[in-house]
Structure formats: structure tokens, C-alpha cells
Amino acid sequence: MTTTAERTYGCTDLPGLMGLMTGAEKHGPAATSTLDVLWVLYDRVLRVGPERTDDPERDRFLLSKGHGPMAYYAVLAAKGFLPVGWLPGFGSYDSPLGHHPDRVLVPGAEIGSGSLGHGLPIAVGTALGLRAQGRTDPAVWVLTGDAELDEGSNHEAIAYAGPAGLDRLHTVVIDNSSASHARPGGIAARFEVAGWSAETVDGRDHEALYTAFTTPHPGRPRVVVARVEPKNA
Amino acid sequence: MDTMRDRLAPVVSRLLDEDPRVAVVLAEIGRDCFTEASRRHPDRVLNVGIREQLLIGAGAGLALAGMRPVVHTFASFLVERPFEQVKLDLGHQDVGAVLVSAAASHDWPAGGFTHMAPGDVALLDTLDGWTVHVPGHPDEAETLLRHAVGAGEAKDDKVYVRLSAQSNGRSLPVDGQRFLTVREGRRGVVVAVGPVLDSVLAATEGLDATVLYATTVRPFDSTALRRATGAAGTDVVLVEPYLAGTSTATVNDALADVPHRVLGLGVGRRELRRYGQLEEHVTAHGLDAATLRERITGFLR
């Protein structure tokens, strides 16, 4: 639960907050698929907050899958990063909230995204940069979709991060079976062969997500594959 | 004489020693030159393997974490292959980096077209806010590299440094901003970019033309051009070591309020499909002194 200037928001408020945003129905499934993962991260895992968006010691959350950001905006609003009053303007000319988020416009957004396959490589660089400055505390999290993993740039990042031992790097893959060509051996296996610590959990189960997110993984980057209902089911 | 690229590792290694925010990102190419620096700064000399999308993305992430990344590989793989990363991971994220290329237009003709990128500067011209340095001598490369990484540019500036195997015989005191007036005349202005200066000077020997020397082409020193045209008239010849006409629009903008003519000389668009030597490609593209003289005198009537 979080208190903002007007009131306190919890997980059950998120559908109402999302309902304030209209106009991107085609991204609806993409938005709700991320909702539980985002809530658990922002409510219980990430050491971030509206008062420390420039704190170099904060955790970093990079929304790579910038499609359908309604759940993201709803969570950021619930946590006080942006005013709830911004939500109804979603996608309009005067709104900072686009159908793909822009870090320059959205308080708390670490990257602008929309084009797929950029978040994980940037997260690798962020983890390297923090390490080079002796900041071993902040965790770097990046959220991708299962179809987004088709982008080769992600495979460059996955293949590098494991051997590089980037143990402050974390990826959450929202798996709603939307990739046209399933990955042989499954998603977690792709990461495991590259030296990542990997686990697949029910993406709607908050306790399972929390446990997976907080499981120690010394010396290795960590991926959590969060399975949710198929996009086209 | 050593090449511009020979200066990269010594200069950047010193910058690594001096400034804890500097990091180098490589994709295998050039890694051997940084072996010693890598020993001293293992967390700040990073080789991501043959992964050019990651090269730029990781550079952007380093910048987001507060570092000043210097990203190096051949121009084809630095600007062209990961172009969307250059556009989004740096530009759209509003963070900076220093991209340093080698093997641009036809530095390595025997390598063929796969290793040529004469369109690099034109491609960056589709993006906003890039500073582009095109040194014409290893000493100038050293000055401009230092300027790019921190001495002149702000920490979040997006800078491209184009290192070439071509070089002029001597260096000039470049400052990372302004064009230099190398020769003054009354019948036209010739702008020579980076390593074509010697050829341009030979080509314009005895002509009554002003020669400006440009090693920082973006932002374009419109003030120097306008000043030169004030005395020498508004016939302008651009000689660029990359795609012909890359800066023509920039010259047109600088002279928008006065009648003017512009001739853009540089590397041709057509793929040559030849190997051989650098000089042979310079000649094939009409950038040798004799051909330049012919084309410049034909234009400056």
C-alpha cells in the first residue's frame, strides 16, 4: 500500500486506475499480462520511490516491452511517481503518457521503449556502469515479453551477461505464448545455457513471483519467466 | 607516420587513468590495443564480443549509470548495423556517448564493400544533436578525441569521431568547433573536410579561391562559411571524404538568404566493386588533386 497526496492505493485499485486510460485497446492483453509482475516488483522488491528517482543507489527497472504500458502507468500512479490525474489523458497530445513510454516525460521511467529488444542490452550496460563505479547494491531489472525475445539484440545480451557474471542483472519474461515460433527447449533453457539462474513461475501468483524474485543467485544473472494466460486464448 | 587509429588506445587509455567516469566498449575489433588498459581498469574496458547491437545498447546503459562511454569499431558496424540503437538507445533516451569509428569510406579497399561506410555521416545527419569530428591528421585525431570524451564536450553529448587511414602531411590547430581559413581568395570558397585538405590545396594551387578547413562538420560552422563568402562570393565547393553531397543541405541552409551555388564532391554512391589500394579508390571517386582541380575550376567560373 502506498499513500499519495490524496489517498492510498493497493493492488485492487489497479484495474480502476487502468480504466482511466482508454484508446489503446489493441495493447490491452499486453498491458494486463504484466500487471501482477509489476505490482509485486514495485510493492515488495524494487528499492525505488518517487523521492529518489535520481538516487544513484536506487534499483533500476527497465520496461523493455513498452507495448501496452497501462499497467505500468497504473502502478507508477499508485506508487506516487505520477499523478493519477494524468491517466485519463493517456495518448493525447498534451499527455506525458504515450502508448509507448518516454523516460524523458514519465517520472520514474528509466528508459523509453516501444521498439522491441532494446531494454536488455541497455540493462547490461547499466549493470556494467554501476559495477564500474563500485555500486554493488543497486539491482537492475528488465521486463521483456516472450515474443520480444525473438529480437536478436536480446540474444546478444543474454549470451554476454551470463559469462560476464552480471549478478545484479535480472530479467522478467512475461510469457503469454505470443511468439509465433516457440523457442526450442523453452525460454528458461535459453538463459540457463548462457549461465543464468532461471526459474519459471505462475505470473499471477504473487507469492510465487516474490519468492522467485528474491531467490539468491550468486555470480549469475537471474531470469524469472512469468507464465500468464495465452494472449490469443 | 602512425595512423589516427594508432592514437585511439593511447589517448583513451590516458583518459581512463584520468577520469573514473570514462569507459571503453568494444566488439572484438581493437581489443588488443586495450590489453594494458584493460589490466588497469577491468571494469571500464569492456569487450562484448561480436555483438554490435549490444555494443551500442551497453554504451547507452553505461551512460544512464553516469559513465562516459567511448564505443569503437569499424564504421559499418558502429553506425550502420546498429543504427536503430544509435537512434533510440542514445538519442531517444537522451544520453550521450562517443562513437569512434575506423575503416570508413575506403580505408581498406581490399576488404571490399562490406567494410566500407561512406554514408556514415549522412546517416547520422538523419538524427538530431550529433557532433561529428573528421580529423585530417593523427595529431588532430588526438586533440578531437580528448575534446570528445570530456575536454570540450559536455558529458551527455553525442559525438562521432571518424578516424581515417587517410591523412594530410601536417596537422593544424583544430579546436573541435571552428573551421580554419587556410587560404584566402576572391572567386569562390572551397571547404575541405579532414583528410582531403592536402589534395584540395594541391588542386586549388594558383586559383583565386578561399580554402576553409573543416574537421568538426556537425555542428557546421556556418559563421565561418558566411564570412568567407562575404569576401569570396557565394560559389561554394564542398570536398568531403565520405558520400558526395552529405553537407550540401547544410551549406544551403547557411546561405539561404543569398543567391548561391554549391558543388558537393565526395565518394560516389555507386558501389565500385573493386579492391586494390586506397589511392586507387580516391582516384576512382575523383578525389585526387588533378580531378579535383578540373571539377573545381569548371565550377568556379
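Miscellaneous remarks
- Helices (runs of 4 or more DSSP H) enclosed by region B:215-301 - at least 2 residues per element that are basic (K, R): B:222-232, B:289-299
- Cβ-Cβ distances below 6 Å connect the following pairs, each with a first residue in region B:235-249 that is aromatic (F, W, Y), a second residue that is modelled with pLDDT of 95 or more, and a separation of six or more residues or different chains: B:Y242/B:S105; B:Y242/B:P118; B:Y242/B:V121; B:Y242/B:G266; B:Y242/B:V267.
Condition check ((1) crowded, with 20+ Cβ neighbours inside 10 Å; (2) within 15 Å of A:H155 (Cα to Cα); (3) of a type in the set (K, R)) across all residues:
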site: A:F191; (1), (2), (3): yes, yes, no
site: A:A194; (1), (2), (3): no, yes, no
site: A:S197; (1), (2), (3): yes, no, no
site: A:E207; (1), (2), (3): no, no, no
site: A:F213; (1), (2), (3): yes, no, no
site: A:P216; (1), (2), (3): no, no, no
site: A:V224; (1), (2), (3): yes, no, no
site: A:E229; (1), (2), (3): no, no, no
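- Residues satisfying the criterion are present in region A:66-76 (criterion: surrounded by 14 or more Cβ atoms within 10 Å (Cβ to Cβ) and within 14 Å of another protein chain (Cβ to nearest Cβ)).
- Region B:149-164 - residue that is among the hydrophobic types (A, V, I, L, M, F, W, C) and in contact with a strand residue (DSSP E or B) (Cβ under 8 Å, 6 or more places away or on another chain) and, of those, farthest from B:V190 (Cα to Cα): B:V149
- Positions within region B:200-226 being within 17 Å of B:L243 (Cα to Cα) and of a type outside the set (F, W, Y), in sequence order: B:V200, B:A214, B:T215, B:T216, B:V217, B:R218
- The set of residues in region B:222-231 being open to solvent by less than 20 Å² (accessible area, probe 1.4 Å) and within 18 Å of B:Q177 (Cα to Cα) consists of B:A224, B:L225, B:A228.
- Among the candidates B:L263, B:L243, B:L225, residue that is in the same structural domain as B:V189 (by TED's automatic domain parsing), over 24 Å from B:Y160 (Cβ atoms) and modelled with pLDDT of 95 or more: B:L263
- Qualifying residue in region A:164-182 (condition: among the small types (G, A, S) and either within 18 Å of B:I50 (Cβ to Cβ) or within 15 Å of the chain's Cα centre (by Cα) (or both)): yes
- Positions within region B:145-177 being under 19 Å from B:V25 (Cβ atoms) and not in a loop (DSSP other than H, G, I, E, B), in sequence order: B:L145, B:R146, B:A148, B:V149, B:G150, B:K158, B:V159, B:Y160, B:V161, B:R162
- Beta carbons closer than 8 Å, at least 6 apart along the sequence or on distinct chains, pair a first residue in region A:139-151 that is buried (at least 23 other Cβ atoms within 10 Å of the Cβ) with a second that is among the β-branched types (V, I, T) and in a loop (DSSP other than H, G, I, E, B) for A:L143/A:T34.
- Checked against the criterion of being open to solvent by less than 20 Å² (accessible area, probe 1.4 Å) and either touching a strand residue (DSSP E or B) at 6+ places or on another chain (Cβ under 9 Å) or over 17 Å from B:S105 (Cα atoms) (or both), the candidates B:T297, B:T234, B:T215 yield just one match: B:T215.
- Complete set of residues in region A:211-233 that are within 13 Å of A:H170 (Cβ to Cβ) and under 16 Å from the mean Cα position of the chain (by Cα): A:A212, A:F213, A:T214, A:P221, A:R222, A:V223, A:V224, A:V225, A:A226
- Among residues of region A:152-161, those that are touching a residue at least 60 places away in the same chain (Cβ under 8 Å) and of a type in the set (F, W, Y), counted: 0
- Selection within region B:2-41 - more than 14 Å from chain A (Cβ to nearest Cβ) and assigned to a loop (DSSP other than H, G, I, E, B): B:D2, B:T3, B:I29, B:G30
- For B:A65, the stated conditions hold: it is without any contact (Cβ under 8 Å) to a residue 12 or more places away in the chain, closer than 15 Å to A:T126 by Cα and touching a Leu at 6+ places or on another chain (Cβ under 7 Å).
- In region A:104-132, the residues that are within 8 Å of chain B (Cβ to nearest Cβ) and more than 17 Å from B:D94 (Cβ to Cβ) form Cβ pairs under 8 Å with partners that are among the basic types (K, R) and assigned to a loop (DSSP other than H, G, I, E, B), at six or more places apart or across chains, as follows: A:A127/A:R168; A:L130/A:R168; A:R131/A:R168; A:A132/B:R44.
- Any hit, region B:66-73, residues being facing chain A (nearest Cβ under 7 Å) and in contact with a helix residue (DSSP H, G or I) (Cβ under 9 Å, 6 or more places away or on another chain): yes
- Residue within region B:184-203 that is crowded, with 24+ Cβ neighbours inside 10 Å, in a helix (DSSP H, G or I) and over 19 Å from the mean Cα position of the chain (by Cα) present: yes
One line per residue, one yes/no per condition, for (1) open to solvent by less than 30 Å² (accessible area, probe 1.4 Å); (2) more than 27 Å from A:D167 (Cα to Cα):
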| site | (1), (2) |
| --- | --- |
| A:V45 | yes, no |
| A:V48 | no, no |
| A:S64 | yes, no |
| A:P83 | no, yes |
| A:P88 | no, yes |
| A:S113 | yes, no |
| A:H118 | yes, no |
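- The residues on offer are A:R168, A:R131, and the sole one that is of a type in the set (K, R), at pLDDT 95 or above, touching a helix residue (DSSP H, G or I) at 6+ places or on another chain (Cβ under 9 Å) and under 30 Å from B:D17 (Cβ atoms) is A:R168.
- Entry remark, region B:96-111: residues being in contact with a Lys or Arg (Cβ under 8 Å, 6 or more places away or on another chain) and over 15 Å from B:T73 (Cβ atoms) number 2 in total.
- Number of positions in region B:23-41 that are in contact with a helix residue (DSSP H, G or I) (Cβ under 6 Å, 6 or more places away or on another chain) and either basic (K, R) or open to solvent by 10 Å² or more (accessible area, probe 1.4 Å) (or both): 2
The values are calculated or read from the model by the stated rules, or taken from the named source; none is laboratory data. Everything quoted here is computed from the prediction, not taken from an experiment. Here the Cβ is made from the backbone with ideal geometry for all residues, glycine too, and neighbour counts use every protein chain on show. The protein model used for the area step is the full one, side chains on, heavy atoms only, and it has no ligands, DNA or RNA in it. Shrake-Rupley method; radii C 1.70, N 1.55, O 1.52, S 1.80 Å.
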